[in-house]
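Right, one structure below, let's go through it.
The values are calculated or read from the model by the stated rules, or taken from the named source; none is laboratory data. For clarity, every value in this text was computed on a predicted model and none was experimentally measured. Just the protein is used for accessible areas: all its heavy atoms, side chains included, with ligands, DNA and RNA removed. Shrake-Rupley method; radii C 1.70, N 1.55, O 1.52, S 1.80 Å.
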Amino acid sequence: ELPGFYYDSEKNRYFRLLPGHNNYNPLTKESIQYKAMECKRLRLLEEEEKQKKKTTRAGLNSSMLLQKRQLGLLSSTSYCRLVHELKVNCMQRRKIEIHSPDSSVAGTNNFKIIVADVACERIFTVNDVEHGGCKYGIVNLSGLGKESLTVEMYDNLYFTNRKVNSVCWASLTHPDSHLCLMGIAETPGCASLLPASLFSSTNPGDRPGMLCSFKISTAWSCAWCLNPQADNCFSTGLTRRVLVTNVVTGHRQTFGTSSDVLAQQFATQTPMLYNGCRSGEIFSIDVRQRNRKGQSWKAIRIFHDSAVTSIRLLEAEHYLMAADMAGKIKLWDLRTAKCVKQYKGHHNEYAILPLHVNEEEGLLTAVGQDCYTRIWSLQDAHLLRTIPSPHPSSKDAIPSVVFSSRLGGSRGVPGLLMAVKQDLYHFSYN
């Protein structure tokens, strides 16, 4: 690199780099980087369309797997995991047609967040609208195998112009019956528990109201507890504190922290709440105990070098996956408080981006700030696939994804759902 110059690889020569404050200057560092990124994205999209079948491991193909399985060289778990790896590499993108009872809603607003319920039968969507607020809707995935999706979105008087930082499904009266929303109006913010039946087309006149809503300081994260020892509770990660609320009794517990809590998840086998902070600290709280002054209620403590943006407990709850703002994804053994694996290739600088762990399929999925969706093998941290965004990369076009082997319920189709800008895409298994 020469100071004040940039090298154009196409023309094979140097050009003078003019000052960035000149509005008429097309040659700034940012514009050159953007052009290079866009060329790379278009090249990858072209390669994906041409190359129908590909593999990331030498010698890995379906006939070899089947042969090893028949010879007893592969266990059923390893066989299923490797078959999923093969299928992930062969996924092809197709655009989904969105239908809605209200024609003014479908396809007019940018997707901001999509979150699937436990059975992957529905996804909750948060869409940005022009005047600065958000619209919410539920997408029913039952029609996914029939080349279409049905979206039911209804305006909600409670949430006019309310932006959303974090969403999670809540199982109060039955599995995934409600939604926890952490919203920011101006100041203060608002935490709300919204019935999912509000988005159903049946009996529009008899819609249930919110079960729980209260004002809070800026909220960063939320989590619902499925452990019977802390029943009907949800947690809110706030600025320098954690608030655990029982939605039936209204009882609240506050735990003071030294940093903003950006990520949360409850354990299901024990009444523990895991928290990831802006300081890089990850700690757990036993929600049965009464809060006390000081830091003595923190059980497990592990540290990242940068702000923790997402945490995911693995099924046995001995391991925890965490991602941070330095783009590092680490797998921690909670029994020894040591990092046992690192998943390389993720890109992040300042965004709060989620992790998606599919343990049954042995896959980890994450979308980077560079708008690339990456899929790793959980077993050996091998990067299996990098999927470019169908739209040019920008801050407001980071895709939101859902991956499942059963999209649409127990008999659903496997694949990846990607929401970017105003479009919804399905990457289907062939």
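Below is a table of values for the structure above.
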{"read-out": "Antiparallel bridge percentage (DSSP; both residues within the range 203-354; nearest 5)", "value": "100 percent"}
{"read-out": "Solvent accessible area, Å² - Phe5, 1.4 Å probe, full protein context", "value": "80 Å²"}
{"read-out": "Linear extension gain, Ala299 paired with Gln422, 0.36 nm per residue minus alpha-carbon span", "value": "40.0 nm"}
{"read-out": "Whole-percent carbon and sulfur share, accessible surface of the range 374-430, 1.4 Å", "value": "44 percent"}
{"read-out": "Cα-based Kirkwood hydrodynamic radius, the range 293-393, one decimal, Å", "value": "14.3 Å"}
{"read-out": "Above-threshold pairs, the threshold being 19 Å between Cα atoms, out of Lys95/Lys421; Lys11/Lys40; Lys215/Lys298; Lys135/Lys421; Lys40/Lys328", "value": "Lys215/Lys298; Lys40/Lys328"}
{"read-out": "Amide H within-cut-off set for Gln422, under 5 Å, with H built and near neighbours excluded", "value": "Phe111"}
